[in-house]
1. Would you be able to tell me the number of residues in the stretch B:161-177 that are crowded, with 17+ Cβ neighbours inside 10 Å and either part of a loop (DSSP other than H, G, I, E, B) or without any contact (Cβ under 8 Å) to a residue 40 or more places away in the chain (or both)?
2. Can you pull out every residue in the stretch B:17-41 that is under 27 Å from A:D95 (Cβ atoms) and aromatic (F, W, Y)?
3. Just to be sure, is B:Y127 within 14 Å of chain A (Cβ to nearest Cβ) and assigned to a loop (DSSP other than H, G, I, E, B)?
4. Here are A:E47, A:E28, A:E51, A:E66: which of them is more than 7 Å from chain B (Cβ to nearest Cβ), out of contact with any Gly (no Cβ under 6 Å at 6 or more places or on another chain) and within 15 Å of B:Y127 (Cα to Cα)?
5. Look at the stretch B:50-76 and say how many of its residues are facing chain A (nearest Cβ under 10 Å) and over 14 Å from the mean Cα position of the chain (by Cα).
6. What's the number of the only condition in (1) out of contact with any Lys or Arg (no Cβ under 8 Å at 6 or more places or on another chain); (2) surrounded by fewer than 16 Cβ atoms within 10 Å (Cβ to Cβ); (3) at pLDDT below 90; (4) within 23 Å of B:G6 (Cβ to Cβ) that A:I121 fails to meet?
7. Among (1) touching a residue at least 40 places away in the same chain (Cβ under 8 Å); (2) surrounded by 18 or more Cβ atoms within 10 Å (Cβ to Cβ), there is one condition B:S85 misses while meeting the rest; what is its number?
8. Where residues in the stretch B:77-97 are in a strand (DSSP E or B) and farther than 21 Å from A:M40 by Cα, which of them is farthest from the other protein chains (Cβ to nearest Cβ)?
Amino acid sequence: MKKLLLLPLLLCSILLSQDSSLNVEKDELVLEVNGMVCGMCAFGIQEGLSELSFLNNKKFEEDGIEVDLDTQMIYIPIDISKTIDQLEAVQIVKDAGYDTVFIYTNFDGKGVKKAVATKLIG
Amino acid sequence: MIFKGGKVVWLIDSPNATDIRFGKTFTRNFYSGIRIFNHKHNDESFITSNNNLLIKRWNTSSSQANIYGLSSIGLNLDSEESMYSVGLHSDWENRQFMVMHMVEYFSYDESIMHNMRFAFTPKITGYKDVSVWLIGQYYNHEVDNKNYEKILPVIRVLNKNYLIEFGGNSNDTFLTFMIHF
């Protein structure tokens, strides 16, 4: 019974935890994506994310987003005046054929929050 | 198969065939397009509607594996007879190595074509950089109990949505151009 009571707490701690190893700015959404092994893979994701309703495409030149293949991270600059629908970004990555595993945010500037993406999209 | 809504133009000139493809990925696991190709062993040409279905994809950190079902239906441009092809494509790749196997059956001459690749890049590059891969490619086209076998070294140059491959030996040449948009 005790184990059952602890389960929701454990899930919450996994779902939303602090991650200090990554630098995420207040106006960024960072996705950790599995399967992104080459430039052509990342191009498909970039093309999809360029249509995001809350993308701030003035922050990064040329591509709108930043891709780091070494760390499998995608940095999405966001327009904080708009509604930020994280699920929209995760769905675009899924439509491109890849899996978002974690979402990192720091909207309040108090530290990086790490969320399990599969909890959003199922 | 690329990203949902993405289109591809793909030109291949291999020792066994010249192949031109244009198509669109409609969902994350379904591609459909037009394919025009010529089989060199008998100089017969075809136009087909071809469909690729992503049967299973495994995405892990820094690697990916796929199994695709391939099919096409169309016409022999010389005899105007109908034809179809079915096939299976499987691959695994990470940022340094890639292996691939494709097998296709062609109804018009009951032939089977195998295409295998092993590739590696000596230098892992970032998203915006030009990536160069060295590929060993093996073809086997089995027609009327005869095997047309080819082994070719190929160099792949890749930058974002552009891909060029070229290779050859003393007898054969190989060239590919692909663009995603």
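1. 4
2. Passing the criteria: B:F22, B:F26, B:F30, B:Y31.
3. It is true that B:Y127 is within 14 Å of chain A (Cβ to nearest Cβ) and assigned to a loop (DSSP other than H, G, I, E, B).
4. Exactly one of A:E47, A:E28, A:E51, A:E66 is more than 7 Å from chain B (Cβ to nearest Cβ), out of contact with any Gly (no Cβ under 6 Å at 6 or more places or on another chain) and within 15 Å of B:Y127 (Cα to Cα), namely A:E66.
5. Total satisfying the criteria: 10.
6. Status for A:I121: all satisfied but (1).
7. All conditions are met except number (1).
8. Of everything passing the filter in the stretch B:77-97, B:S82 is farthest from the other protein chains (Cβ to nearest Cβ).
The values are calculated or read from the model by the stated rules, or taken from the named source; none is laboratory data. Predicted model only: the values in this text are computed from it and were never measured. Neighbour counts are summed over all protein chains in view; Cβ atoms, including those assigned to glycine, are modelled from backbone coordinates with ideal geometry.
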